[in-house]
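Below is one structure; the comments refer to it alone.
Just so it is clear, none of the values below were taken in a lab; they were calculated from the coordinates. Keep in mind that what you see is a predicted model, and the values were worked out from it rather than measured. Here the Cβ positions follow ideal geometry from the backbone for every residue, glycine too, while neighbour counts run over all protein chains shown.
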Amino acid sequence: MKPNNLTVFELFERQQRYVVPLFQRPYVWTKEKQWIPLWEDISAKAEEILNSQHYNHREPNNHFMGAIVLNPIKTSGLQVTAKSIIDGQQRLTTLQIILFALRDFMNAIKQKDLLPTIDLHTENKCKMEQAVERYKVWPTNADRREFEAIFNAGSPENLKAAYPPIRQRWQRYPDPPPTLIAAYLYFYESIEFFVNVDSNEDGDFTPEDQAERLSALVEAFKRHLEIVTIDLDEHDNPQVIFETLNYRGEPLLPSDLIRNFVFLEATRSGAKVEELYNQYWIVYDQPGPNGETNFWKELEKQGRIQRQRIDLFVFHYLVYRTGEEIYITKLYQEFRDWWQKEPRQVETELKSLQSLSAIFRRFYQPDTNTRTGLFLRRLRLLDVTTIYPLLLFLLNQDSIALSVSELEGMLVDLESYLVRRLICGLTTKNYNNTFSSLLRNLQKAERLDRATLRNLLAGLTGDSTRWPDDQEFETAWLSRPAYHQLGHRTRMVLEALDMQMRTNKQEGAYGNLWQLTIEHLMPQAWQTNYPLPDDLTTEEIFGATVNRNNLIHTLGNLTLLTLALNDSIKNGPFSCKHSEITKQSELRLNADLLNLPLPLEWNENAILVRGQKLFALACQIWPHP
């Protein structure tokens, strides 16, 4: 390593390019965490310079702005000398954005004397092979369009016209501009405010005042704002240094480290890195076509922590590939250890990741017009993600070839396993071991089919793993207060029952019922319109009350209604409820209410009868061998 102490101007005055590897993460610095503190440091140093000139204050001390790590890039012919930024890309990119803003502000107020100095530090002006070599800093793919737009815009007005505010119909405020655009606008306004501070008693400022304050900013960059550059040589390992330094700025995600590791491996092997990145990885980094948040950057809850989907995918992918339990808190180390266990072809591994990522995406965006998609949607509501590696295996048609009926049968059994355990109130704590074990056994099974999976599930014993049989399932179905113990998953169970009642002659076989609310046929406040029998003793009344208060929350007493219908009948007598439900509801779940015997009465016996009918349907949806 060769460390050097350079001012910002010394860093940029060379005819040289600082290239951000395309596989590094995009620009992520923000106003509150980085821009404001950085500008406070810069403007404070400029104020010190002004004070030293006006009030004979001592010469300002130099201010250390951090370190960057650079690795030489081989160039030839007329190519401009280039270095790859191993660490410090956020800082270097921001400094160039500030210099662009300073250049444009000087142009706006016609301060031409200092412009040649700024131009020297914002653009390479020498012979070159490609036009992009003019840029001192060349960011990663995701940021290049905005970076070039800032360089060429010439003013905030032109940039705002190119990136107007976009407000979605359901949003109160417009979406924020791209981060690099926002950075330029912030620093331009900050420069404008600094330069136009009132300089005399009548509140006016003169071109001379502006020139003096601009000169102080330039002097700060020229003499007093320092960066340590660490130049690597051929014996240094860029990846090790990158890992050691990555927490100095905005913390990197495991997927950032993994991307950097994989593409440095590609660089070492002589592969065409940019082609590999554009073909296999760019989709994980770039925003949507209309600037919407990238699917892979969306946050999902994992335990008590929110993580980006790309990190969760790599975690489940690694469990699938290794068949072993790994720790998501050590995801990068786990990935690196797995990679280095045997020789790997970068393109082969990237192709595998890409193929499995398409399957993983279906977990969050399922097609509910298919049985597989319906299972994936219910799985999201069950909130059981430890099964994902097993599903990556079963749904990966590149490695196994299951018929549609065989695959759907296996998913039905997995859904049955999960729902039956849910209804019976059995723990989910051992699911990671259970599904890892199933994955390993299926991967080495002589025959992969539904019968094999069923035998494995049926062979599980003990409260932490068993697949409840019909007897245990029925007891829980009729007696457990599902409304309280299942929470939002109660609606999923009721929706599944309604779907099971439908035939292909009826519309909406896989309709969306999530706008509906859960209704108690006998209301929770039952005392007024659903009295207990008159001939009970005090002791019997107590027992009957306890029994009823439990029974009204069982599945036999629950249904789905629109919010308007639910509000209109709430705690009313059953005759009124029955009339409105049978008149208004189109759900098959409520169709059996039409056939109730007269006189209409809804009591404990009616709840149990309906519960048994629904249980028979539940056994069809979630069968047991």
Along the stretch 596-613, Karplus-curve 3J(HN,Hα) (6.51, -1.76, 1.60; θ = phi - 60°) to the nearest Hz, with x for Gly and Pro, reads 5, x, 8, x, 5, 8, 10, 9, 4, 5, 5, 5, 5, 4, 5, x, 5, 4
Taking 432-442, 313-323, 449-459 and ranking on average Cβ neighbours within 10 Å, highest first, one gets 313-323, 432-442, 449-459
So Gln345 and Glu32, fully extended at 0.36 nm per residue minus their Cα-Cα distance, gain in nm 108.5 nm
With x for Gly and Pro, the residue-by-residue ³J(HN,Hα) of the stretch 265-274, computed from phi through the Karplus equation 6.51 cos²θ - 1.76 cosθ + 1.60 at θ = phi - 60° and given in whole Hz, is 4, 5, 4, 4, 7, x, 6, 7, 4, 5
Checked against the positive end of the charge dipole of the chain (+1 on Cβ of Lys and Arg, -1 on Cβ of Asp and Glu, about the Cα centre), the farthest of Tyr135, Gln333, Pro176 is Gln333
In this structure, among Lys297/Lys351; Lys74/Lys110; Lys45/Lys301; Lys31/Lys74, pairs with alpha-carbon gaps over 32 Å are Lys74/Lys110; Lys45/Lys301; Lys31/Lys74
Restricting to aspartates and glutamates and to Cα separations under 19 Å from Lys112, and discarding same-chain partners fewer than 8 apart, the set is Glu13, Asp104, Glu123, Glu192, Glu208, Asp209, Glu212, Glu219
Sequence order, the stretch 468-478: Karplus ³J(HN,Hα) from phi using 6.51 cos²θ - 1.76 cosθ + 1.60, θ = phi - 60°, Hz rounded, Gly and Pro as x, gives x, 7, 4, 5, 5, 4, 5, 4, 5, 4, 8
quick note, the chain, DSSP beta bridge pairs, % antiparallel (nearest 5) is 65 percent
Row for the stretch 384-517, column shape: gyration tensor on C-alpha, a ≥ b ≥ c, rounded if a/c < 1.5 i.e. under 1.5, prolate if a/b over b/c, else oblate; value oblate
Taking a crude spin-label model, label points 7 Å out from Cα along the C-beta direction, the Arg14 to Ser76 distance in nm is 2.2 nm
The extension gain from Leu114 to Gln500, computed as 0.36 nm times the residue separation minus the Cα-Cα distance, is 131.3 nm
Here D for the stretch 2-250, in µm²/s, from Stokes-Einstein with a Kirkwood Rh over Cα pairs at 25 °C and 0.890 mPa s, works out to 127 µm²/s
So Lys222 and Ala445, fully extended at 0.36 nm per residue minus their Cα-Cα distance, gain in nm 73.4 nm
For Ala525 and Thr475, extending 7 Å from Cα along the Cα-Cβ vector and measuring point to point gives, in nm, a value of 3.7 nm
Extend 7 Å from the Cα of Val132 along its Cα-to-C-beta direction; within the stretch 1-42, residues with backbone N under 18 Å of that point are 16-27
Whole-number value, in Å³ per residue, for the convex hull of the alpha carbons of the stretch 391-470 is 91 Å³
Any residue on another chain or 5+ positions along whose placed amide H is under 5 Å from the amide H of Trp138 is listed here as Tyr18, Val19, Val20
Per the chain, sqrt(5λ) over the Cα gyration tensor eigenvalues, sorted largest first, in Å, gives 63, 32, 20
In whole percents, the bins of 5 Å from zero upward hold the Cα-Cα pairs of the stretch 469-625 as 1, 8, 18, 22, 21, 15, 8, 4, 1, 1, 0
Tilt, helix 141-153 to longest principal axis of the chain (alpha-carbon atoms), in degrees rounded to tens, equals 50 degrees
Compactness summary of the stretch 1-127: radius of gyration and Dmax from Cα atoms, Å, are 16.5, 52
Looking only at lysines whose Cα falls under 19 Å of Lys583's and that sit 8 or more positions away or on another chain, we get Lys570
Checked against the positive end of the charge dipole of the chain (+1 on Cβ of Lys and Arg, -1 on Cβ of Asp and Glu, about the Cα centre), the farthest of Thr452, Thr386, Ala496 is Thr452
In whole µm²/s, the translational diffusion coefficient that Stokes-Einstein assigns to the stretch 253-365, given a Kirkwood hydrodynamic radius over C-alpha pairs, 4 °C and 1.567 mPa s, equals 88 µm²/s
Relative contact order in percent for the chain (Cα pairs under 8 Å, 6+ apart) equals 12 percent
Counting only residues 5 or more apart in sequence or on a different chain, those whose built amide H sits under 5 Å from that of Gln111 are none
The stretch 329-367 scanned against label point 7 Å out from Glu298 along Cα→C-beta; backbone N under 15 Å for 358-367
For the stretch 345-455, Rg(Cα) over 2.2 N^0.38 Å is 1.08
Of all DSSP beta bridges with both partners in the stretch 2-250, the antiparallel percent, nearest 5, is 50 percent
